[in-house]
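Novice: Take a look at this one; I'll ask things after.
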Amino acid sequence: MLEVANLEVVYNEVILVLRGLSLQVPDGQIVALLGSNGAGKTTTARAITGLLDVHEGKSTKGSVTWNGTEITEHLPAKIVEGGISQVMEGRRIFGELTVDENLSCGAFTNRANMDANYDRVMDLFPRLKERNTQVAGYLSGGEQQMLAIGRALMADPKLLILDEPSLGLAPMLIEQIRDIIVDINKQGVSVLLIEQNAMMALSIADFGYVMESGKVVMDGPAQKLLNDEDVQEFYLGLHGDGGERKSFRDVKHYKRRKRWLS
Amino acid sequence: MITAVLQFAQVGAGATLIQTLVKALALGSVYVLIALGFVIIFKATQVLNFAAGALSMAGAMFMTILISDGGFPLLPFANPLAPAEGETAGIVLFFVHVLIALALAAILGLVIERVAIRPMVGQPLFAMAVITLGIEIAIRPFNLDATALEGRQLGVPWGANSWDWGGAVVPKSYLVAVIVAAIAGVSVLFFFRTKLGVAMRAVAFDQEAAMAQGINVGRVFAIAWAMGTALAALGAIVYGMAPFPPGGSVSQEIHPLLALRVLPVIVLGGLDSVAGAIYGGLIIATAEVFAGQYLSQWNSTLGSGYSTIVPYLVMLFMLLVKPYGLFGTPEIRRV
Ligand SMILES: Nc1ncnc2c1ncn2[C@@H]1O[C@H](COP(=O)(O)OP(=O)(O)OP(=O)(O)O)[C@@H](O)[C@H]1O
Ligand SMILES: [Mg+2]
């Protein structure tokens, strides 16, 4: 189980971006993390996978715990070895490398089971099989997303963090990616699904968190969030009158919840 | 002047052309080796290594210490210069010593990376380049101390001997240079297909994404510095074989500037391209050698000066036409 507790993250020693964020991803579940632009979702993913350093970021309070071990200060390689992989926002495939070479990079920490993991990825993404010797930069957006997910699976993670996998994809492709996430989860991989596409995320998630300005402002079982009027209004646009987007905090039924701060 | 013309007439235009071509290929091989050193370090770490001059010379120095002083005291090898010319054992021993010298150069590269580069990661690129310049300045005195004024001898089992190819004089060392560079080039290309080599290309393309895969970026940097230093050293060692200009020695005058002469090569080829280093090295050397041979005959105003200027002219022209070189990546990514 992944446990983030009261996490604070500061960029460049001054910009406070996460302000006491807490969330949990129990084994075998899909957990959705929702929030609008700049809420701090990507920062959360970086904090879990040890990538804050690259961005001059630091966690100043709180902790990230993975199966009982605190990993807040661990290096990215150690975290990947420990079973947490991330599919970064914007796919970030290695455009000058071939599909197979990209996958081989994903297996950097897990060479022993490379063949088995490769076969598993190819079963999930037959499209990649057809293009395995092609330079990845020439793949379509959907194929690149598949490659990014496949690359992360090459490490055989127990927890997969996906940062906006639906970004920039056509509705049909989003559905495909969604089904694949369900398949991966069925193979026993827990998923932390970061999304702005709340409908897509909540439709497959067990549990959901809504974050804003660096902390969780609402959480609950996915079904409950889907039915929640505030979530519907703000993220699903169901009751909206087409006006300007309000801050989630302004939605009138909203009640601040503080139980994780205790 | 008259004797020169006479000699030229004796050798014949065809033979002169062959000699010039072989010389260009040999010098090109030296340039390719040193350029590969620059490119590997730049590609992996985005640092332009201005310490290449001192590092390559130090590597060549290791070689002279290993062989000219009668073999490294701790190793059971005899002085490879002792066997009669042409003896296979002597040649094999010589190349074993080259490999040891390269290993020492690689270790020097590792130490430099660990001590001076790694702690500075994240600094602006310009600062990093200046740091390498500091390393150059720090190592140079050791080199100059270690070389006697007239240079340290770097004898080879085949001496300064040459073949006669239908009137054209082809030094054996030139052929060795070409073969060594070809082997090194192929090895580098092969390395880029291995696990670590693929990881290095991944780091070059997107450092953060590489880290997210669990690739140890620090280790990739270390390997790049080790390889880059060894390749530059190999170039300097080859250049120490007669009849290259230092005349069978590591020269206090010529060797320190060797790496600087490769700058037009990497600008021409592209800072981050292996293919660019190879083509760039051959093109610049060809321009340089042909200018030295033919332009100075045609107009003696500059004499051998033509060969010094022409590489930069080619480079300037390339900058005007293709600012990122023949094979360079247009924008330098940085996380
Ligand atoms: N490297 C950085 N240095 C300084 N501030 C940063 C850095 N990265 C992100 N931020 C700031 O932190 C805040 C949260 O950014 P983050 O990328 O985590 O948001 P997000 O929820 O992922 O948004 P999006 O949905 O647009 O991807 C933003 O205000 C952003 O400007
Ligand atoms: Mg984001």
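Novice: Of the residues B:V217, B:V170, which single one is in contact (Cβ under 8 Å) with a residue 60 or more places away in the chain and on the phi < 0 side of the Ramachandran plot?
Specialist: The unique qualifying residue is B:V170.
Novice: Any residue at all in segment A:112-121 that's in the same structural domain as A:N37 (by TED's automatic domain parsing), aromatic (F, W, Y) and buried (at least 17 other Cβ atoms within 10 Å of the Cβ)?
Specialist: Yes, some residue in segment A:112-121 is in the same structural domain as A:N37 (by TED's automatic domain parsing), aromatic (F, W, Y) and buried (at least 17 other Cβ atoms within 10 Å of the Cβ).
Novice: Here's a follow-up. Being among the aliphatic types (A, V, I, L, M) and at the interface with chain B (Cβ under 8 Å from one of its Cβ atoms) narrows it down to one of A:I48, A:I71, A:I93, so name that one.
Specialist: Among A:I48, A:I71, A:I93, only A:I93 is among the aliphatic types (A, V, I, L, M) and at the interface with chain B (Cβ under 8 Å from one of its Cβ atoms).
Novice: Please find, among A:L153, A:L162, the residue that is within 16 Å of ligand 2 (Cβ to nearest atom) and under 19 Å from the mean Cα position of the chain (by Cα).
Specialist: A:L162
Novice: Consider segment A:182-216. How many of its residues are free of Cβ contacts under 8 Å to residues at least 40 places away in the same chain, assigned to a helix (DSSP H, G or I) and either of a type in the set (S, T, Y) or buried (at least 20 other Cβ atoms within 10 Å of the Cβ) (or both)?
Specialist: Selection size over segment A:182-216: 2.
Novice: Quick check: anything in segment A:99-116 at the interface with another protein chain (Cβ under 8 Å from one of its Cβ atoms) and within 16 Å of ligand 2 (Cβ to nearest atom)?
Specialist: No, segment A:99-116 has no match at all.
Novice: Any residue at all in segment A:3-25 that's within 13 Å of another protein chain (Cβ to nearest Cβ) and closer than 26 Å to A:I184 by Cβ?
Specialist: There is no residue in segment A:3-25 that is within 13 Å of another protein chain (Cβ to nearest Cβ) and closer than 26 Å to A:I184 by Cβ.
Novice: Residues being open to solvent by 10 Å² or more (accessible area, probe 1.4 Å) and either closer than 13 Å to B:M63 by Cβ or modelled with pLDDT under 90 (or both): count how many of those fall in segment B:229-243. Working first, answer last.
Specialist: Initially, segment B:229-243 is screened for residues open to solvent by 10 Å² or more (accessible area, probe 1.4 Å), giving B:230-231, B:234, B:242-243.
Now narrow it down to the ones that are either closer than 13 Å to B:M63 by Cβ or modelled with pLDDT under 90 (or both): B:230, B:234, B:242-243.
The total comes to 4.
Novice: Out of the helices (runs of 4 or more DSSP H) lying entirely within segment B:169-212, which hold 1 or more residues that are under 21 Å from the mean Cα position of the chain (by Cα) and either at pLDDT below 95 or within 14 Å of chain A (Cβ to nearest Cβ) (or both)?
Specialist: B:172-191, B:195-205
Novice: Filter segment A:217-262 down to the residues that are open to solvent by 50 Å² or more (accessible area, probe 1.4 Å) and among the hydrophobic types (A, V, I, L, M, F, W, C), then identify the one that is modelled with the lowest pLDDT.
Specialist: The qualifying residue modelled with the lowest pLDDT is A:L261.
Novice: Between A:K61, A:K78, A:K41, which is among the basic types (K, R) and within 16 Å of ligand 2 (Cβ to nearest atom)?
Specialist: A:K41
Novice: For segment A:34-64, which residues satisfy the criterion of being in contact with a Lys or Arg (Cβ under 6 Å, 6 or more places away or on another chain) and more than 8 Å from ligand 1 (Cβ to nearest atom)?
Specialist: Just the residues of segment A:34-64 that are in contact with a Lys or Arg (Cβ under 6 Å, 6 or more places away or on another chain), to begin with: A:35, A:52.
Passing the criteria: only A:L52.
Novice: Turning to a different aspect of this structure: Tell me which strands (runs of 3 or more DSSP E) are completely within segment A:1-81 and hold 1 or more residues being surrounded by fewer than 18 Cβ atoms within 10 Å (Cβ to Cβ), or say none if there are none. Step through it out loud before you land on a result.
Specialist: Working: elements: A:2-11, A:15-25, A:30-34, A:57-66.
Correct list: A:2-11, A:15-25, A:57-66.
The values are calculated or read from the model by the stated rules, or taken from the named source; none is laboratory data. This is a predicted model, so every value here is computed, not measured. A quick note on method: Cβ atoms are made from the backbone with ideal geometry, for glycine too, and the neighbour counts reach across all protein chains shown. The protein model used for the area step is the full one, side chains on, heavy atoms only, and it has no ligands, DNA or RNA in it. Shrake-Rupley method; radii C 1.70, N 1.55, O 1.52, S 1.80 Å.
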